[in-house]
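Here is the structure we will look at, set down as structure tokens.
The values are calculated or read from the model by the stated rules, or taken from the named source; none is laboratory data. On a predicted model such as this, the values are computed, not experimentally measured, just so you know. Because the Cβ atoms are built from the backbone with ideal geometry, glycine has one as well, and the counts that use them run over all protein chains shown. Keep in mind that these areas ignore ligands, DNA and RNA; they rest on the heavy atoms of the full protein, side chains included. Shrake-Rupley method; radii C 1.70, N 1.55, O 1.52, S 1.80 Å.
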Amino acid sequence: MALFTFIAVPVLAATAPVQPPALAAPPASDGRIRTQLMARNATTVSSEIAAKIARLSVAEGGSFGKGAVLVEFECSSYRAQLRKAEASLEAARQLVKVNTRLAELNSIGKLEVDQAEARAREAAAEASYMHTVVAKCVVAAPYAGRVARRTGAAFQFVSPGNPILEIVDIGQLELRMLVPSKWLAWLRTGAKLTVQVDELGRSFPASVARLGAQIDPVSQSVLAVAVIDGADPSLLPGMSGWASFSLPR
């Protein structure tokens with residue numbers, strides 16, 4: 001009988017080469033850093049009361065000025081409660097006057113006067129509260145900007161906290177980037193740079209507005225924030241590009 005010897009040969013599974021982790025801030029030996037344009041202010045406008053939206057004044061993508069009305073709510077019931085609270089306050093004040101006069105004539109005691117004054121303070125607090133509620137029936141723009149997104153619609157009933165609009169500031173945009181921490185040896189506030197915006201294919205002059213307060217020990221990078229000199233309506237938040245610095249020799 002012939003004898004056969006089997007030799008086990010290990011089979012190696014094909015594996016993808018391990019890629020080194022990407023650095024948060026590239027070495028930037030040529031002075032170029034990736035950057036992104038961001039609005040200084042961006043917020044979500046939400047409802048503070050339970051009410052039906054009566055009107056949304058600005059369409060998605062539309063512009064508005066500071067103080068412009070963005071959202072109006074249908075608040076007839078709240079205004080009726082305000083009028084009732086004001087009437088109750090007026091009645092309470094009249095009662096205080098009458099009881100004060102009666103106390104001067106020794107017709108009633110001090111307790112009745114104190115009780116009338118307490119009811120007047122309670123009515124004043126209720127009227128003040130309703131004034132605050134009615135004031136929330138109109139949402140005004142905190143700054144000039146544009147509507148990035150509309151999540152609410154006219155005639156929609158919303159509860160407190162429901163998002164309605166996302167707005168962004170259209171003022172001077174900021175450039176945010178991570179630069180090598182060793183640049184702190186020469187990079188200062190006011191330093192000039194040039195930004196090549198990918199979406200527009202154009203370059204814009206800019207200057208450093210502020211530097212971060214903490215260095216990332218892993219990537220050895222630090223935040224730098226710059227602003228583009230002047231204003232250009234073609235620039236929008238979210239655009240990105242390359243920031244070019246002049247490195248010291």
Discussion item. Given the criterion in a loop (DSSP other than H, G, I, E, B) and over 20 Å from residue 34 (Cβ atoms), identify the matching residue among 161, 238.
Written reply: 161
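Could you grab me the full set of residues in the range 191-208 that are touching a strand residue (DSSP E or B) at 6+ places or on another chain (Cβ under 7 Å) and open to solvent by 40 Å² or more (accessible area, probe 1.4 Å)?
Scanning the range 191-208 gives 192, 194, 196, 198, 203, 205.
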Worksheet item: Taking the range 211-226 only, how many residues are under 21 Å from the mean Cα position of the chain (by Cα), among the hydrophobic types (A, V, I, L, M, F, W, C) and surrounded by fewer than 18 Cβ atoms within 10 Å (Cβ to Cβ)?
Response: 2
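Go through 101, 83 for me and flag whichever is closer than 26 Å to residue 137 by Cβ, out of contact with any Cys (no Cβ under 9 Å at 6 or more places or on another chain) and open to solvent by 50 Å² or more (accessible area, probe 1.4 Å). Walk me through it before giving the result.
On the way: 101 fails: closer than 26 Å to residue 137 by Cβ.
The match here is 83.
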Worksheet item: Does residue 231 satisfy the condition of being among the hydrophobic types (A, V, I, L, M, F, W, C), within 16 Å of residue 39 (Cα to Cα), open to solvent by 60 Å² or more (accessible area, probe 1.4 Å) and at pLDDT below 95?
Response: yes
Item to complete: Scan the range 216-227 and report the pairs whose first residue is aliphatic (A, V, I, L, M) and whose second residue is buried (at least 17 other Cβ atoms within 10 Å of the Cβ) and part of a loop (DSSP other than H, G, I, E, B), with Cβ atoms within less than 6 Å and a gap of 6+ or a chain change.
Response: none
Worksheet item: Has the range 170-189 got any residue that is open to solvent by less than 60 Å² (accessible area, probe 1.4 Å) and more than 17 Å from residue 224 (Cβ to Cβ)?
Response: yes
Item to complete: Give the residues of the range 126-140 that are open to solvent by less than 60 Å² (accessible area, probe 1.4 Å) and in a helix (DSSP H, G or I), sorted by residue number.
Response: 127, 130, 133, 134
Discussion item. For the range 108-139, give me each residue that is closer than 15 Å to residue 75 by Cβ and not polar (S, T, N, Q).
Written reply: 129, 130, 131, 133, 134, 135, 136, 137, 138, 139
Discussion item. Tell me whether the range 79-96 contains one or more residues that are at pLDDT 95 or above and among the hydroxyl-bearing types (Ser, Thr, Tyr).
Written reply: yes
Worksheet item: Mind checking which residues of the range 117-165 are of a type in the set (Ser, Thr, Tyr) and touching a residue at least 12 places away in the same chain (Cβ under 8 Å)?
Response: 129, 143, 151, 159
